[in-house]
Structure formats: C-alpha cells, structure tokens
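Visitor: Have a look at this one.
Please treat every number below as a calculation from the coordinates, not as lab data. Values in this document were obtained by computation on a predicted structure and should not be read as measured data. Cβ: placed from backbone, ideal geometry, glycine included. Neighbour counts: every protein chain shown.
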C-alpha cells in the first residue's frame, strides 16, 4: 500500500543522538517546523538544555537520556514518547560513534562498542519503533554514511558498522514495505563528511588529532534530507555531491575507488597532537565538552 506521511507540524518525532551534530541540527530544524520532539542521547544535561531551549521558543520537546546500545533504554524512549504525545510518527536512528586507527590495531572492546552503538543501536531503534509505526503508519529513518557503500582508511570498524546497518535496513525495507505492505517508509540517509564534532567524539589511536576530509557539508543539509524523508517516502538519500561520486565509483570501479580513498588518508589527521584520544566512545560527549554543538571544533 502507498505510505502517506503526515505534515511535519502534525508529527511526533524521536531523534537519537540529539545532543550534538546531525541529531541536534535535525531537532532544531524540526522544532522550527512545529514537530513534537522526543530527544534521546547519553549527554543528559545537554539534552535537557536543548529541550528547554526549544520549549522556551514555543516548541514542544522532551529529553530522555538513553544509551542506544541498551535495548531496554531504547524501549523506554519509545514508551516516553507514547506517554507524552500518544504516538510516534517518525523515528530517526542517528546516534553514532567511531574510532580512528589502523584496521589491524585497536582493542576488541572498542570495536564492539562501535558496533553496539552504530549497528545494534539502530537495530534497537527499529525494533522499538516498528510496533508503533505499524499501527498508525509513519517513517523509520536511519542515518548511514557514504561509507555504507564505500571505504575510508583508518576507520575500518566505523565503515564496517555502516555497511552492516545498510544491509539490515535494506532487508527490513523489503519485509516491511514489499512483503507485508505496511504503511511504514523505511529510509537510509547517506551523507558525505559532515562538519560535526564526530572527530572529537571518536576514539583515536593515531598520533595526531583526527579530522574529517574536505569538502564537508553542513549539518543542516543532512537535517533537511531527514525531514524530507519524514514527509515523503524515500528508499534512500545520498546527501552531498561527494557521497554520490564516491559510492558510484566504489560500485562501478572499485579499484579506482580504493586508490582515491588511499590518496585521501592524509585528510583524516590534523597537524596537531591528539587532544582527547579516548573521545566519548565509552562516556557521554558532554563529559569531554563536545556536546551541544552542531559543528566541529572551532565552529558554531
């Protein structure tokens, strides 16, 4: 059946990873459109500050502290949304974390933590949201990456987690939309490098401060893609010209894609020593002063 989605001003939307970066930019943009928001992240005080700021400006937002790696905490977010607003119209799996370092180095515990957040966190979100969306219809949106289809050196575990979530979302879409024909739009958003605090959040095994490669797009560009998918059923959306280019090259000319990725390895490290090697992999980003910002270090 065709999926009809509500206009934004009539929606209740859950956003994970809402205390910074893409999640925060999406929350702010959605609030301006009149969306009722349920904001989830580990950084409890920052999250409450965001919700209070939205409410003070005339919006409607509630903060629910949550580590998406914990299924029970994610279910609690869904329960809080229903208790406060009566339903869920759109669920956005956005929370994510990464590590910088060689593929043959780094700890198993760190690698598993990345998968617990990026892959299992998104799976937990899907499983928590679907019972509600199946009853009333809606959108289930997951933020992947251009590296869901391509590769980036020094980020092997992050890349692998984004490949994994693309596979899961693609299968879930087939089952929900094509087999069961339910009124739920299952979408994967695939942005290129975005100017967010991601490098500050990441665990860093390098001897230099990590960074993202240029050109970077604005967090608001991804937020706009997410909100568009919340009102118009979309299979997947690549955000940023290099996302389209890199994933196309990786599929059609994988050898060339490998060489292009290798040539950009220097773009992943700044000419400065590591500032906070542990990042926020195992603790809230507000503990390291990296929460509450949509942009990366030195930006707004």
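Visitor: Let me have the relative contact order for the stretch 196-300, percent, based on Cα pairs under 8 Å that are six or more residues apart.
Guide: That works out to 55 percent.
Visitor: Could you please rank 158, 100, 168, placing first whichever residue has the fewest other Cβ atoms within 10 Å of its Cβ? Before the final figure, lay out the partial values.
Guide: On the way: 158 23, 100 27, 168 17.
With the fewest neighbours first, 158, 100, 168 line up as 168, 158, 100.
Visitor: What's the whole-number percent of alpha carbon pairs in the chain lying beyond 33 angstrom?
Guide: 17
Visitor: Which FRET efficiency, nearest 0.05, do residue 108 and residue 71 yield, Cβ-Cβ r, R0 22 Å?
Guide: According to the calculation, E is roughly 0.55.
Visitor: Oh, and also: Restricting to bridges with both residues inside the chain, how much of the DSSP beta-bridge set is antiparallel, in percent to the nearest 5?
Guide: Taking every DSSP beta bridge with both residues in the chain, the antiparallel ones total about 5 percent.
Visitor: Given the options 19, 107, 232, which has the most mean-square fluctuation in a GNM of the chain, springs set between C-alpha atoms less than 10 angstrom apart?
Guide: Of the options given, 107 has the highest mean-square fluctuation.
Visitor: Which order do 163, 136 fall in if you start with the one that has the fewest other Cβ atoms within 10 Å?
Guide: On the way: 163 18, 136 14.
The most exposed by this proxy come first: 136, 163.
Visitor: Regarding the stretch 62-112, what are the three Cα extents along the principal axes, ordered largest first, in Å?
Guide: So the extents along the principal axes, rounded to whole Å, are 48, 18, 14.
Visitor: Please report the equivalent ellipsoid semi-axes of the stretch 1-151, computed as sqrt(5 x eigenvalue) of the Cα gyration tensor, largest first, in whole Å.
Guide: 27, 18, 14
Visitor: Something else about it: What is the log10 of I(q)/I(0) for the stretch 63-185, computed with the Debye formula using one identical point scatterer on each Cα and no solvent, at q = 0.16, 0.17 Å⁻¹?
Guide: Relative scattering, expressed as log10 I(q)/I(0), comes to -0.78, -0.86.
Visitor: Considering only 37, 227, 127, give the residue with the highest GNM mean-square fluctuation for the chain, with springs between Cα atoms whenever their separation is below 10 Å.
Guide: Comparing 37, 227, 127 in a Gaussian network model of the chain, the most mobile one is 127.
Visitor: Which of 170, 67, 149 moves most in a GNM of the chain, Cα contacts under 10 Å?
Guide: For the chain, modelled as a Gaussian network with Cα springs under 10 Å, the answer is 170.
Visitor: If you don't mind, there's one more thing I want to ask. Ranking 120, 91 by Cβ neighbours within 10 Å, fewest first, what do you get? Provide the component values of the computation, followed by the final result.
Guide: Values: 120 20, 91 30.
Least to most surrounded, the residues fall as 120, 91.
Visitor: Now a separate question. Return the percentage of antiparallel bridges among DSSP beta bridges fully within the stretch 4-66, rounded to the nearest 5 %. Walk me through the numbers on the way to the answer.
Guide: Details: 0 of 11 bridges.
The antiparallel fraction comes to roughly 0 percent.
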